[in-house]
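Encoded as structure tokens, the structure appears first; notes follow it.
The values are calculated or read from the model by the stated rules, or taken from the named source; none is laboratory data. These numbers were taken from a predicted model, which means no experiment stands behind them. Glycine gets a Cβ as well: all are built from the backbone with ideal geometry, and neighbour counts include every protein chain shown. SASA here: full protein model, heavy atoms, side chains in, ligands and nucleic acids out. Shrake-Rupley method; radii C 1.70, N 1.55, O 1.52, S 1.80 Å.
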Amino acid sequence: MKNILVTGGAGFIGSHVVRRFVRNYPEYHIVNLDVLTYAGNLSNLSDIENAPNYSFVRADITDAAAMQTIFAKYQFDGVIHLAAESHVDRSIANPMEFIMTNIVGTVVLLNAAREIWKDNMEGKRFYHVSTDEVYGSLGETGYFTEETRYDPHSPYSSSKASSDHLVRAYHDTYGLPIVISNCSNNYGSYQFPEKLIPLAINNIHQGKNIPVYGKGENIRDWLFVEDHAVAIDVIYHSGKNGDTYNVGGHNEWKNIDLIHVLCKIMDRKLDRAEGTSAGLITYVKDRAGHDLRYAIDSGKLQRELGWNPSLQFEEGLERTVDWYLDNQKWMDEVTTGDYKNYYERQYQLR
Ligand code: NAD
Ligand code: DAU
């Protein structure tokens, strides 16, 4: 049985990756390593927590001694690294946590992998899951390709860019077998309601304002999270050693247009008169350094590894709304305590 480490498996994307690997690969023992920050939630995995090929380890990826011990114990065949501080607004308020987890934590993992694989790297793989934000911001035209120059603007994207460079450096310097993917905005179930879509769904449901930064004209390229998990599966198994793959939905939306679609769906689901939810839209102070547009060219992944997004956006959004409305208990649990403090700090003065 192969031991595969997934870091950050209790988070949004990580939980979908863990679920997919545990269900589809009984020949793998999946070790989910997560320190359980505010964004990590073991109830995201309650459906597979008792599976015989799944274990959870609570640990911090910046703790080098702990990582050495865990890597020595499990002798991992592969690492799928998702653990990160992931929210841009939090990185603007508190950059240091992003430097520690996203940069230092990644190097600690690279060192631990290098140590156990130093005598034989055959068949091993360190997969670093990254973001399209490393490429910076596009104007009205063009797409990010794997050749686009890195130009990050926020502390979050800069820390992810730095970690990407370090992962490549360990490949070029030490021959570590790595692969990287850079993905666009994900949406779907289990996303923490600090991110636009679940925050808006939750606020609409509660009749609270929907905060739209600036004029709502920023553009994001949205991908259903389960399609990202499929891409991670395909890249983990078939990606070329040392290569990078862009992952995206070919699905660009202006924030304000997306919010209007969401409002219509919510009015229908909640039996409210059309236009009720849109009445909650409130324009607030813009995000500092707000990137205008992200759009991914995922042609390489489609051509070389045969991956394609499976869902149309409206269908994905509808499924996402249904999931949040059916899982109010999950939402209530993650929005108690510190979430309220965060929300006040983030939105009070806007
Ligand atoms: P998330 O914030 O939902 O989850 C992050 C997880 O990492 C949490 O479970 C948290 O507890 C864990 N974690 C944080 N610091 C840790 C530490 N020091 N040690 C161990 N565990 C720690 O994030 P997400 O949205 O699921 O993103 C996962 C990865 O995918 C990140 O690397 C992110 O940069 C990347 N990514 C995200 C998106 C997106 O749209 N959400 C898009 C592209 C790439
Ligand atoms: O592109 C991939 C990235 O997508 C990931 O690397 C990040 O981890 C993930 O958080 C996401 O980053 P964004 O900053 O694009 O996502 P967010 O949901 O925070 O914001 C989406 C857009 O909506 C962005 O233009 C800012 C805007 N926004 C966001 C919030 C939270 C608002 O207008 N109001 C809000 O309250």
- Straight-distance crosslink candidates among lysines, where the alpha carbon sits under 25 Å from Lys240 and sequence neighbours closer than 8 are dropped: Lys2, Lys118, Lys124, Lys160, Lys300
- Message: Residue by residue through segment 144-159, what is 3J(HN,Hα) from phi via Karplus (6.51 cos²θ - 1.76 cosθ + 1.60, θ = phi - 60°)? Round to whole Hz and write x for glycine and proline.
- Response: 7, 10, 5, 8, 4, 5, 5, 7, x, 10, 9, x, 4, 5, 5, 5
- Tilt of helix 105-117 relative to the longest C-alpha principal axis of the chain, in degrees (0 to 90, nearest 10)? 30
- Task: For Tyr283, list long-range residues whose amide hydrogen, built 1.01 Å from N in the peptide plane, is under 5 Å from its own amide hydrogen.
- Result: Val212
- Message: Can you show me the helix-derived [θ] at 222 nm for the chain, built from DSSP H runs with n ≥ 4 at -39,500 (n - 2.57) apiece and divided by the number of residues, rounded to the nearest 500.
- Response: -12500 deg cm²/dmol
- Between Tyr245 and residues 5 or more places away or on another chain, which pairs have amide H atoms under 5 Å apart, with H built 1.01 Å from N, and which residues are they? Ile180, Ser181, Asn182
- Task: Select from segment 174-216 those trypsin sites (Lys or Arg not before Pro) which occupy a DSSP coil region and have at most 12 other Cβ atoms within 10 Å, ordered by residue number.
- Result: Lys215
- Roll a 1.4 angstrom probe over the protein heavy atoms and tell me the percent of accessible area of the chain that is carbon or sulfur. 48
- Within the chain: Cβ-based charge dipole about Cα centre, in debye rounded to nearest 20 (Lys, Arg +1; Asp, Glu -1): 320
- Note, Tyr28: beta-carbon cut-off 15 Å, +1 each Lys/Arg, -1 each Asp/Glu, net +3
- Message: Give me the dipole magnitude in Debye, nearest 20, for segment 231-318 about the Cα centre, with unit charges on the beta carbon: positive for Lys and Arg, negative for Asp and Glu.
- Response: 200
- Query: For the chain, what is the per residue volume of the convex hull drawn over the alpha-carbon atoms, in cubic angstrom?
  - Reply: 128
- Using a Förster distance of 41 Å, the FRET efficiency for Arg272-Lys118 (Cβ separation, nearest 0.05): 0.10
- Would you mind checking the tilt of helix 255-269 against the longest principal axis of the Cα atoms of the chain, expressed as 0 to 90 degrees and rounded to 10? 70
- For segment 64-183, fraction of C-alpha pairs farther apart than 19 Å, in %: 49
- Query: For segment 237-332, with the dipole built from +1 on Lys and Arg beta-carbon atoms and -1 on Asp and Glu ones, taken about the Cα centre, which of Thr282, Ser238, Ile265 lies farthest toward the positive end?
  - Reply: Ser238
- Query: By what distance, in whole Å, do the Cα atoms of segment 1-100 stretch along each of the three principal axes, largest value first?
  - Reply: 43, 29, 17
- Message: Of Ser298, Val18, Thr37, which is farthest towards the positive pole of the chain's charge dipole, taken about the Cα centre with +1 and -1 on the beta-carbons of Lys, Arg and Asp, Glu respectively?
- Response: Thr37
- Task: Report the antiparallel proportion of the DSSP beta bridges in the chain as a percent, rounded to a multiple of 5.
- Result: 10
- Note on the structure: the chain accessible area per residue, 1.4 Å probe, protein heavy atoms, integer Å², reads 42
- Restricting to Cα pairs under 8 Å and 6 or more apart, the percent relative contact order of the chain works out to 17
- What residue among His165, Asn251, Ala59 has its Cα farthest toward the positive end of the dipole of the chain, where the charges are +1 on Lys, Arg and -1 on Asp, Glu, each on the Cβ? Ala59
- Message: With a cut-off of 8 Å between alpha carbons and a minimum separation of six or more residues, what is the relative contact order of segment 1-125 in percent?
- Response: 28
- Query: For Gly8, what is the net charge nearby, where nearby means another residue's Cβ is under 11 Å from its Cβ and Lys, Arg count +1, Asp, Glu -1?
  - Reply: -2
